[in-house]
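Novice: Provided herewith is a single structure, encoded as structure tokens, for subsequent inquiry.
The values are calculated or read from the model by the stated rules, or taken from the named source; none is laboratory data. Keep in mind that this is a model prediction, so the values were computed, not measured. Quick reminder, even Gly has a Cβ in these numbers, built from the backbone with ideal geometry, and neighbours come from all protein chains shown. Surface accessibility is based on the protein's heavy atoms, side chains included, excluding ligands, DNA and RNA. Shrake-Rupley method; radii C 1.70, N 1.55, O 1.52, S 1.80 Å.
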Amino acid sequence: MKALQELLAVMPTGPVPEDINVNHALAECWERLKGNAEGGMEAYKLLGRMENVQWNSPVLTFTIERHGGTVNGSTRAELQHWEVNLDEQTACIVKEGHRQLEPMAPRMSIKAIAEEVGVLILGGKMDERIRRQEDGCVKIVMSKLFPSDSGFKRTVKSRRQRLAQYVGDQLAKQGWVASGNDGFRPIENTKHQRVSHDLRKTPA
């Protein structure tokens, strides 16, 4: 703590230059500060990642980018705004936010796409976005509509689920029911399949 205090004692109020390596001095005494573990912070995470470092004796403030969300596929990084009081030997997060690292998945109308897919299914048309099977079932080829690499994986999953729901609602009005994952079949075809199955079980 003494090394950090001596380093900042000669600093005027305002931005702290990067070349004085205040991040290393802070990291060395980080574990001694009350509140140091808030937000999952650890001393090594300060090195090379402190931004907008400001000094206004006895308070040092800085922003740090956390990358936990990006590991899970997020396109945004969490930003923590810290305040360190050297006199009280405390550290606390005073504000949190986010930074967009990659372009967000483009917005689109899932309902409009669902309506188009529904028309293809009901119209008996062939299209790469649907797959017709011999038993009358029609499956939506989600990979053609929302490829796995088309955005944040949770966004892709959500869009696929919503599309299946919208298509299902549309087809239900025309006498169709869900059949497996992303699949649908006419109710009459379902009844036919059930009757055929019952006949096969009937003793001769």
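Novice: Would you check which residues across region 164-204 are modelled with pLDDT of 90 or more, more than 18 Å from residue 123 (Cβ to Cβ) and among the hydrophobic types (A, V, I, L, M, F, W, C) and list them?
Specialist: Hits for region 164-204 are 164, 177, 178.
Novice: Name every residue in region 65-92 that is at pLDDT 90 or above and among the β-branched types (Val, Ile, Thr), in order of residue number.
Specialist: Matches in region 65-92: 84, 90.
Novice: Being within 20 Å of residue 87 (Cβ to Cβ) and in a helix (DSSP H, G or I) is the filter here, so list the residues in region 29-45 that pass it.
Specialist: 29, 30, 31, 32, 38, listed by residue number.
Novice: Could you say which residue among 26, 4, 60 is at pLDDT 90 or above, surrounded by 14 or more Cβ atoms within 10 Å (Cβ to Cβ) and part of a strand (DSSP E or B)?
Specialist: Exactly one of 26, 4, 60 is at pLDDT 90 or above, surrounded by 14 or more Cβ atoms within 10 Å (Cβ to Cβ) and part of a strand (DSSP E or B), namely 60.
Novice: When you scan region 151-186, how many residues do you find that are of a type in the set (Lys, Arg) and open to solvent by 90 Å² or more (accessible area, probe 1.4 Å)?
Specialist: 5
Novice: While we're looking at this one, here's another question. Identify the residue in region 105-119 that is out of contact with any Phe, Trp or Tyr (no Cβ under 7 Å at 6 or more places or on another chain) and modelled with pLDDT of 90 or more and, among all such residues, is most open to solvent (accessible area, probe 1.4 Å).
Specialist: Checked region 105-119; the qualifying residue most open to solvent (accessible area, probe 1.4 Å) is 115.
Novice: Return the residues of region 120-150 that are loosely packed, with under 11 Cβ neighbours inside 10 Å, acidic (Asp, Glu) and farther than 15 Å from residue 182 by Cα; say none if nothing qualifies.
Specialist: Listed by number, the residues that qualify are 134, 149.
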